[in-house]
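Below you'll find the structure, written out as structure tokens, and then a few comments.
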Amino acid sequence: MIELTGVSVLNRISDVNLSLKRGHMVHILGNNGSGKSTLLAVMSALLSSDSGKVELLGKDLSEYDLIELANLRCFQEQGHNQVFTITVRETLQFFSASAEMPESLEQALEIKPFMNRELTALSGGEQRRVHIARALLQVWPAIENGSALILLDEPIQGLDYRHQHLLFGLLNQLASKGNLVVVSHHDLNLCYQYADKLVLLKDKRVYAVGLAKEIMKEEFLEQAFCCKISCYSDEAGNRLFQTYLN
Amino acid sequence: MLVTLILVTLYALFTGLDVFTKSAVQQKIFLYLRLPLVVTAAIVGAALSVSSACLQVLLRNPLADPGIIGITSGASLFAAIFLLLGSQVSITQLHIWLPLFCFSGAVLSTFAIYLLSRKLPEMGNAVILAGIAISTLSGAIIAWLYLFSDAQSMRHLTFWLMGSLHQAGWDILLFAVPICLVAMIYLMRQAKPLNWYYFGASNAQLAGLDVKKFNRKLLFACALLVGIAVSIAGSIAFVGLLVPHLLRNFFGFDNRFILPASAICGALLLMLVVVVSDTATGFNIPVSMLTATLGGPVFFFSLLKLQRQR
């Protein structure tokens, strides 16, 4: 669905080659400053690359009309600095074509209880849930067709365990409909549980790409994260990761 | 409801005048004094309120107002330069050149503020600070100009700087009203992308907006409105801050409602000011005095509210 060839952004990512297909849930992991956000911003067309080529559905990203792109891909950025006291309901209405909140979205994000409150009065995690909903609502018709590109930068930051699982459950469901979901975060266990594909970044380059369950090996991860990582398996074959300093 | 309010104000303006009698004097007073006054009040009130409502979103600062962020003083500075240095021009030429000078002043200061606020994106109040800098500088240059000007132009300028709705005649209004209406309608048609802009430029771009083009066009339209408002009525304080701010407090943030409502309420507010200052008290109170008396406390209130949110 999206293909990056030799993509570089000065001092942020260099020579990234990636080919991501529809129907996958892709997780991007890597240390701070390894280029996760930049990679997502380039894929969203918010940031243009200095060199290389980004193609979405076979067409160069820069050739897309902004409106056409807005109906096709969504991107939830990491930080939000809100200065206006807008309510949650208005926030969602401004970005959504329909007035109703889709059932599956509400089940995962549980926004209705604070629908009439001001966005700035909510807790960090609640605000994040609203911003995720806002991003997804922007492309909801495409999501239902299974043709959307969903880019979320650290969506689980500030979310409680329950909502982390609810969100990733929903995203898996959306990916299985044919959408391409790309998320960045810092949780190896959630990655192992939910990712189809893993992109490991290190020093602004792609360190490894592949099926999450294949490349999530102790030594490999330790090199990528510069940190000690132990992996425990249970009888069912599930793996549990623990991280610590040397 | 708002339409009724306008009608009430218009009715209020007919008080004390019996236009429908055959008295030629009364009819002339109505046609050449009262009607231009009402039209000036309405168009200036609407122009200031709509442009502020847009600027507040564009500059992402709920306290933005052409007066506070320095656009008015930029326009005033250019008006002062014109009035003090170009005082040889005839009255007819004055009506053409003064708005043009005001407009260029408004455009220049708008873009100065825009550039400054982009250079300092981390500071929420950068726009306000940039505006204070521009206002102070303009004030200083105007003071210098005073030193070197003759008594006649000095009087002219002082009167003009205080803000007055009585200055404009039909010749200037016929030129100003259509431009203001077009600019306001243009801004109202941008209400939907402006709603995205509440969440910052990048979210607006992600939602399908060409942000750079949009910024340029809207700032130009806002500067046009402020420039014209200042050129026909001098500097009028706080209307722009007050109207959209109160409307958003009561009716929410949707610009599809806020922009037209700002136009109506801004026009209404200045017409009420006219009614109070002309009919109720029996003597002419400077407009800025009344709007500032009203706007001052509201400004305090909004500052305190902003503080509480943090």
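Each reported figure results from applying straightforward, stated rules to the coordinates on display, with no laboratory input. This structure is a prediction, so every number in the text was calculated from the model and none was measured. As a convention, Cβ positions derive from the backbone with ideal geometry for all residues, glycine included, and neighbour counts pool all protein chains shown.
Please find the FRET efficiency linking residue A:217 to residue A:78, where r is the Cβ-Cβ separation and R0 is fixed at 30 Å, and quote it to the nearest 0.05.
0.60
Return the FRET efficiency for the residue pair residue B:129, residue B:150: r is the Cβ-Cβ distance, R0 is 41 Å, and the value is rounded to the nearest 0.05.
0.70
Is the protein assembly as shown rounded, prolate or oblate when judged by the Cα gyration tensor, a ≥ b ≥ c being the square roots of its eigenvalues, rounded requiring a/c under 1.5 and prolate requiring a/b larger than b/c?
The shape class here is prolate.
Tell me, how many Å apart are the Cα centres for the range A:127-162 and for the range A:50-91?
12 Å
Label the range A:1-40 by shape, choosing from rounded, prolate and oblate, from the square roots a ≥ b ≥ c of the eigenvalues of the Cα gyration tensor; if a/c is under 1.5 it is rounded, and otherwise prolate applies when a/b is larger than b/c, oblate when it is not.
Numbers: a/c = 3.06, a/b = 1.37, b/c = 2.23.
Oblate, since a/c reaches 1.5 and b/c is not below a/b.
Please arrange B:148, B:103, A:241 by how many other C-beta atoms lie within 10 Å of their C-beta, fewest to most.
In increasing order of surrounding Cβ atoms, one gets B:148, A:241, B:103.
Measure out, as a whole number of angstrom, how far apart the alpha-carbon centroids of the range A:169-200 and the range A:1-49 sit.
Computed from Cα coordinates, the inter-centre distance equals 15 Å.
Can you pull the one-decimal nm distance between simple spin-label points at residue A:57 and residue A:19, each 7 Å off the Cα toward Cβ?
In this crude label model, residue A:57 to residue A:19 measures out at 2.0 nm.
Looking at chain A, send over the antiparallel percent of its DSSP beta bridges, to the nearest 5.
On the way: 25 of 43 bridges.
Within chain A, antiparallel bridges account for around 60 percent of the total.
Using Cα positions and a limit of under 22 Å, work out the lysines in reach of residue B:212, with same-chain residues fewer than 8 apart set aside.
B:119, B:192
What net charge do the residues around residue A:204 carry, taking every other residue with its C-beta under 14 Å from that of residue A:204, with Lys and Arg at +1 and Asp and Glu at -1? Let's see the in-between values first.
Numbers: positive: A:12, A:36, A:202, A:205; negative: A:15, A:50, A:203.
Summing Lys/Arg as +1 and Asp/Glu as -1 gives +1.
Quick check on the exposure proxy: order A:230, B:51, A:104 from fewest to most C-beta atoms within 10 angstrom.
Going from sparsest to densest Cβ surroundings: A:230, A:104, B:51.
Give, as a single signed number, the net charge of other residues whose beta carbon lies under 12 Å from the beta carbon of residue A:170, with Lys and Arg counted +1 and Asp and Glu -1.
Computed value for this residue: -1.
So how strong a dipole does the range A:36-144 carry about its Cα centre when Lys and Arg Cβ are +1 and Asp and Glu Cβ are -1, to the nearest 20 debye?
It works out to roughly 320 debye.
For residue B:285 and residue B:141, what is the calculated FRET efficiency with R₀ set at 35 Å and r taken between the beta-carbons, to the nearest 0.05?
0.75
Cα gyration tensor of the range B:165-221, axes a ≥ b ≥ c as square roots of the eigenvalues: rounded (a/c below 1.5), prolate (a/b > b/c) or oblate?
prolate
Among the lysines, which have Cα under 29 Å from the Cα of residue A:202 when same-chain residues fewer than 8 positions away are ignored?
In chain and number order, the partners are A:21, A:36, A:53, A:59, A:213, A:217, A:228.
Hey, if you put +1 on the Cβ of every Lys and Arg and -1 on every Asp and Glu Cβ in the protein assembly as shown, which of B:193, A:28, A:41 ends up farthest toward the positive end of that dipole?
Final value for the positive-end residue is B:193.
Separation between the residue A:242 and residue B:158 pseudo-spin-labels, each 7 Å from Cα along Cα→Cβ, expressed in nm?
Rounded to a tenth, the inter-label distance reads 8.4 nm.
So for the pair residue B:210, residue A:100, with labels modelled 7 Å out along Cα→Cβ, what separation do we get in nm?
That separation, rounded to one decimal, is 3.7 nm.
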